[in-house]
Amino acid sequence: MEKNFVEEVQTDFEGENSEVTRIIIVTGLSGSGKTQACRFLEDLGYFCVDNLPPVFIPKFVELCSHASSHVSHVVLVVDTRSREFFDNLLHVLEEMDKADQDYEVLFMDASDDAIIRRYKETRRRHPMAPSARISEGIAKERARLESVRGKATYIIDTSNLAKTELRDKIKQLFGKNEGVGMNISVLSFGFKFGMPLDADMVLDVRFLPNPFYLENLRHKSGTVQEVADYISEKTVTQEFIKKLDPFVEFLVPQYVKEGKSQLVIAVGCTGGMHRSVFIAKHIFDLLAKKGYNVNLEHRDLMKNDVWET
């Protein structure tokens, strides 16, 4: 005898315990900010799937628990776009409750006026009333979502929220404890190979003394102690670092406070072999000591005639 979808769900959750440690189901009204909330959750390190029919939730959680690259934090956006499949959501949640499967429901809401304004700005049709007034679609959707709203763990009303305020709410509710925050990339490069397109901040250090003009240092990179000593012992370098360190120490926390998820600090010299490599390493060490999530990359180092690194 063929199983119905509720029996399928129950079978899936009676198997081995899932390794997924946090499941967030995002639902709510069309135009209330579900997509934006999902983007902010993705920035926090969650694996996000949009418009998943509810009946597939158990299978998807099981798939994540057996993934070769462990997926422990999952966001599933489930809403009325899945049409008749959406009506299965309550049944799926009930089976998850019976199986002691932890989950959280984030319900995104907004006033009718706010939703109508957003739809008029984007000139899109409401999915519940493609050929009727937007207000009629909102009324139908509210009625259909009423029971699901009662299962909500969190309700966020975005009627008067700026994007930054929504981001802060999402971070407060769902920020993970693994220290996922702003990722900083410190990148050295050579101007003759082109500026990095993804740089947020570019430091031009071509004014520093250039080891290229010394035969014994020309083919050694800025990672070599002899080259580093030559650059660092110069008065101009010492004066620059005295100004650079407080600048970086002030600026980076401002980006963190602003909610930036990634910061790329690019340091350039002519060839990306000596001066930029040395200064980039200095910035990396400074930020690493401060406890930031930082990585170091020398983009153009090996494009030069390097004998020693």
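The values are calculated or read from the model by the stated rules, or taken from the named source; none is laboratory data. Given the structure is predicted, the values throughout are model-derived calculations rather than measurements. Neighbour counts run over all protein chains shown; Cβ positions are idealised from the backbone, glycine included. Heavy atoms of the whole protein, side chains included, go into the accessibility calculation; ligands, DNA and RNA do not. Shrake-Rupley method; radii C 1.70, N 1.55, O 1.52, S 1.80 Å.
Taking helices (runs of 4 or more DSSP H) that do not extend beyond segment 40-139, which have at least 3 residues that are surrounded by 20 or more Cβ atoms within 10 Å (Cβ to Cβ)?
Working: elements: 57-65, 89-98, 112-122.
In segment 40-139, the matching helices (runs of 4 or more DSSP H) lie at 57-65, 89-98.
Matching residues to (1) in contact with a helix residue (DSSP H, G or I) (Cβ under 7 Å, 6 or more places away or on another chain); (2) closer than 26 Å to Glu136 by Cα:
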{"site": "Val71", "(1), (2)": "yes, no"}
{"site": "Leu76", "(1), (2)": "yes, no"}
{"site": "Asp79", "(1), (2)": "yes, yes"}
{"site": "Arg83", "(1), (2)": "no, yes"}
{"site": "Asn88", "(1), (2)": "yes, yes"}
{"site": "His91", "(1), (2)": "yes, no"}
{"site": "Asp97", "(1), (2)": "no, no"}
{"site": "Glu104", "(1), (2)": "no, no"}
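If I ask for residues that are more than 23 Å from Val252 (Cβ to Cβ), modelled with pLDDT of 90 or more and open to solvent by 40 Å² or more (accessible area, probe 1.4 Å), which ones from segment 172-206 would you list?
The answer is Phe191, Lys192, Phe193, Arg206.
Might you check whether a residue that is open to solvent by less than 40 Å² (accessible area, probe 1.4 Å), assigned to a loop (DSSP other than H, G, I, E, B) and in contact with a Ser or Thr (Cβ under 9 Å, 6 or more places away or on another chain) occurs anywhere in segment 230-244?
No; the residues of segment 230-244 include none that is open to solvent by less than 40 Å² (accessible area, probe 1.4 Å), assigned to a loop (DSSP other than H, G, I, E, B) and in contact with a Ser or Thr (Cβ under 9 Å, 6 or more places away or on another chain).
Does Asp305 fit the bill of being touching a His at 6+ places or on another chain (Cβ under 7 Å), part of a loop (DSSP other than H, G, I, E, B) and open to solvent by 40 Å² or more (accessible area, probe 1.4 Å)?
Details: touching a His at 6+ places or on another chain (Cβ under 7 Å): yes; part of a loop (DSSP other than H, G, I, E, B): yes; open to solvent by 40 Å² or more (accessible area, probe 1.4 Å): yes.
Spelling it out, Asp305 is indeed touching a His at 6+ places or on another chain (Cβ under 7 Å), part of a loop (DSSP other than H, G, I, E, B) and open to solvent by 40 Å² or more (accessible area, probe 1.4 Å).
Can you tell me how many residues in segment 271-305 are closer than 16 Å to Met195 by Cα, under 25 Å from the mean Cα position of the chain (by Cα) and at pLDDT below 95?
3
Val256 fails exactly one of the following numbered conditions: (1) under 17 Å from Ala280 (Cβ atoms); (2) open to solvent by 50 Å² or more (accessible area, probe 1.4 Å); (3) in contact with a strand residue (DSSP E or B) (Cβ under 9 Å, 6 or more places away or on another chain). What is the number of that condition?
Condition not satisfied by Val256: (1).
If I filter segment 259-292 down to residues being assigned to a helix (DSSP H, G or I) and without any contact (Cβ under 8 Å) to a residue 12 or more places away in the chain, which single residue comes out as most open to solvent (accessible area, probe 1.4 Å)?
Lys289
From Glu215, Glu226, which residue is open to solvent by 70 Å² or more (accessible area, probe 1.4 Å), closer than 30 Å to Ile279 by Cβ, of a type in the set (D, E, K, R) and not in a loop (DSSP other than H, G, I, E, B)?
When all the criteria are applied, what remains is Glu226.
Just checking, which of Arg133, Arg39, Arg118 is among the basic types (Lys, Arg) and touching a residue at least 12 places away in the same chain (Cβ under 8 Å)?
Exactly one residue qualifies, and that residue is Arg118.
May I ask you to list pairs of residues, at least six apart or on different chains, whose Cβ atoms are under 8 Å apart, with the first in segment 45-70 being over 25 Å from Asn183 (Cα atoms) and the second being open to solvent by 40 Å² or more (accessible area, probe 1.4 Å) and at pLDDT 85 or above?
From residues that are over 25 Å from Asn183 (Cα atoms), the pairs are Pro54/His91.
So which residues in segment 293-302 are assigned to a strand (DSSP E or B) and of a type in the set (A, V, I, L, M, F, W, C), if there are any at all?
Val294, Leu296
Can you name every residue in segment 23-39 that is assigned to a strand (DSSP E or B) and farther than 19 Å from Pro127 by Cα? Before you say what the answer is, go through the steps one by one.
Our first condition is that a residue be assigned to a strand (DSSP E or B); within segment 23-39, this holds for 23-28.
The answer is Ile23, Ile24, Ile25.
With respect to Glu7, is the statement that it is modelled with pLDDT under 90 and either open to solvent by less than 30 Å² (accessible area, probe 1.4 Å) or in a helix (DSSP H, G or I) (or both) true?
When the stated conditions are applied, Glu7 passes them.
Among the residues of segment 223-238, count how many are in contact (Cβ under 8 Å) with a residue 60 or more places away in the chain and touching a Pro at 6+ places or on another chain (Cβ under 8 Å).
Result for segment 223-238: 0.
Are any residues in segment 140-158 assigned to a loop (DSSP other than H, G, I, E, B) and surrounded by 15 or more Cβ atoms within 10 Å (Cβ to Cβ), and if so, which ones?
Within segment 140-158, the first condition is being assigned to a loop (DSSP other than H, G, I, E, B), and the residues that meet it are 150-153, 158.
Answer for segment 140-158, where residues must be assigned to a loop (DSSP other than H, G, I, E, B) and surrounded by 15 or more Cβ atoms within 10 Å (Cβ to Cβ): Lys151, Ala152, Thr158.
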